[in-house]
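Comments concern the structure below.
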Amino acid sequence: MEINKDLIAASSTPIVLAILVEEDSYGYAILKRVRELSGGRMEWTDGMLYPVLHRLERLGHVEARWEAAGSGRRRKYYQITAEGRAQLEEERRQWQAVENTLRGIWGALVLPLPEGGSVSSAPLPQGA
């Protein structure tokens, strides 16, 4: 299943902030973590991630620093700030509202079957 690009873009801020709550990280490691957390369904690119990181940095939600890796290459590490943690909580509240709305809509939704029948997406009763 491929996830819609609009949904990926809309979820990028809370995903990046949540990853940075786990630990400070750098671009490639964030890309790997997204792939891991999504079970491979979300394949972010550098071109998608770095504008998000730069925007979060401009807003004061993350801070960046350069460090030398074991290979001697320098990596730019990102760290969430107190403002970023507050933003993540706000993002969480908003996404929970969206999720609850969708669950309410989908819980009562009856979907047509190709053969002309229908199926409810509501949960089955106990013992069904």
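Descriptive notes on the structure:
- Checking region 60-82 against the condition returns a match, with at least one residue being modelled with pLDDT of 95 or more, under 23 Å from Glu99 (Cβ atoms) and part of a strand (DSSP E or B).
- Residue in region 16-36 that is farthest from Arg58 (Cα to Cα), counting only those that are in contact with a Lys or Arg (Cβ under 9 Å, 6 or more places away or on another chain) and hydrophobic (A, V, I, L, M, F, W, C): Ala29
- Test: residue in region 12-31 that is among the aromatic types (Phe, Trp, Tyr) and either surrounded by 12 or more Cβ atoms within 10 Å (Cβ to Cβ) or assigned to a helix (DSSP H, G or I) (or both): yes
- If the condition is being touching a residue at least 40 places away in the same chain (Cβ under 8 Å) and part of a helix (DSSP H, G or I), then region 1-10 contributes only Ile8.
- Any hit, region 21-33, residues being within 15 Å of the chain's Cα centre (by Cα), more than 27 Å from Met1 (Cα to Cα) and in contact (Cβ under 8 Å) with a residue 12 or more places away in the chain: yes
- The one condition in (1) surrounded by 10 or more Cβ atoms within 10 Å (Cβ to Cβ); (2) within 15 Å of the chain's Cα centre (by Cα); (3) of a type in the set (Asp, Glu) that Glu63 fails to fulfil: (2)
The values are calculated or read from the model by the stated rules, or taken from the named source; none is laboratory data. Keep in mind it's a predicted model, so treat the numbers as computed, not measured. With ideal geometry, Cβ positions are generated from the backbone for all residues, glycine too; neighbour counts draw on all protein chains shown.
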